[in-house]
Every structure is written in C-alpha cells, then in structure tokens.
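We did not get these values from a lab; they are worked out from the coordinates using the rules stated. Nothing here was measured: the structure is a model prediction, and the numbers come from that model. Here the Cβ positions follow ideal geometry from the backbone for every residue, glycine too, while neighbour counts run over all protein chains shown.
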Amino acid sequence: AAALLAGDPFAISRVLERARGTSGEYLASALLLRAQRRATYLPHNEGHYALGASAYCHFTSPIRRYPDDVVHRALKAHLAGKDGGREQRAVERVLPQLCEACSSMERTADAAARDSQKVKMAELYEGRVGQVERGVVSGCERFGAFVSLDETCAEGLLPVRALGHEWYSYDEDRMALVGESTGTVWRLGQRVEVEVAGVDVARGQIDFRLPERPGR
C-alpha cells in the first residue's frame, strides 16, 4: 500500500501478479485502472509511468494522427541535425497549446467511438431479446450491476429491481450490492447468466434481467 501511495509503478505489477488467478483479479484490475490518470500529451518528457520508462513514445491510430505528425517532424529534424531550426523553434513556442488541443480532441474522439460502439451493440442485441447470455459483473452502482457479455463484450445494466424482491444497499468500499434480507452480494468479477430484457438503440442501451428458473 505504501508503495502504491508513493507512486511506485512496479507496485501495480506486483498487485496484479498477486491477484492473478484469484477471485479478486477482476476487482484489483478494475480498481487500479480507475485510479490511473488519463494520459495526456505534454510539451516535455515525463516518461511512461506504468512501464517505468524514463523516455517513451509511440505511434497509433488515426485519431492521434496529428500528434504523430508532430513527433515525426521532430525526429526528422533531429536526424538531419536541425533541432534548433526555424520550424522546430516555431513548434516549440506553440507546443503547450498543441498538446492541450490534441488531448481535448482525443477525449472527444474516444467518447464518440464509445457511443457508436454502444449503438452498434444495441442494434445487434435488438434481435436477441429473450436470449440468455453469460458474462461478468463489470461494475456496480446504487441502481444496479453492469454486466459485460463473454461473446461480444457488450455491456448492459441489470437493474436492482431485477435482482429479486428485496432491498439492495450499495457498499461503496467493496463496490458491491448487498441484499438486506438474504445477504446476497453482487460484486465486480462475479460470473452471471442474464437474459436480454430490452434494448434502446438510439441510446446504445441494453437492459438485462435474471433468467427465469423452475420454481422461481
């Protein structure tokens, strides 16, 4: 815990390794991921925290094309011995603003990508209402549990009203829903079977319920 608080990136690897193969693996992974700050572009080198690297750069998908171009030009200037050239001096003057704009546009692009994926998944499951699927609890809130399906990784909501005829309280420390009458617990990483109850394509929303069992 002290190493995590001190910002030791290798402590994260040790926690994940110790949790591997246990019932707490999913919870540990989810909590550590949520604890990380979102990556942003910076005008100065701070290395890569998670990798523990003092210098780091990578090139990726088209939504980050302009940041890639900035790095490409800097590398070309360096290889040509023109680090202090007019073009690079001009870039350096506006680099803080460029980094801020690129970080902002990347967040917008990521949000649009997530929303479009949710809509397409909702379209897929619009024809599967009533079908039983296997998945894992990927999140818990006061209003219900989110379930990620094994087959497609589509995520939907299993609302508390679908969990049974009892009151469920939200345990914020454990990020779990607890039934006050039976003590039934819904937690991150829990395996579950759900039935597709309904779909709202425009909102990219999938709702689940528990499958009917004989005697229920």
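With R₀ set to 45 Å, the beta-carbon distance separating ASP200 from ARG89 gives a calculated FRET efficiency near 0.30. Normalised by the number of residues in segment 127-209, the average gap of Cα pairs under 8 Å and 6 or more apart makes the relative contact order 34 percent. Annotation: extensible slack from VAL119 through SER181 equals 18.6 nm (criterion: 0.36 nm per residue apart, minus Cα-Cα distance). Length available on full extension from HIS78 to TYR56: 0.36 nm per residue minus the Cα-Cα distance, which gives 6.3 nm. Stokes-Einstein diffusion of segment 127-209 at 25 °C, 0.890 mPa s viscosity, Kirkwood radius from Cα pairs, rounded to a whole number: 191 µm²/s.
To test your reading of the geometry: what angle, between 0 and 90 degrees and rounded to tens, separates the Cα axis of helix 86-126 from the longest principal axis of the chain? Helix 86-126 and the main axis of the chain meet at about 20 degrees.
Taking R0 as 22 Å, what's the FRET efficiency between ASP173 and ASP110 from their Cβ-Cβ distance, rounded to 0.05? Could you put the intermediate results ahead of the total?
On the way: r = 29 Å, r/R0 = 1.34.
Once the sixth-power term is evaluated, E becomes 0.15.
Put the Cα centre of segment 138-186 next to the Cα centre of segment 88-136 and the gap is 26 Å. Taking a straight Cα-Cα cut-off under 14 Å and skipping sequence neighbours fewer than 8 places away in the same chain, the aspartates and glutamates within cross-link reach of LYS120 are GLU155, ASP200.
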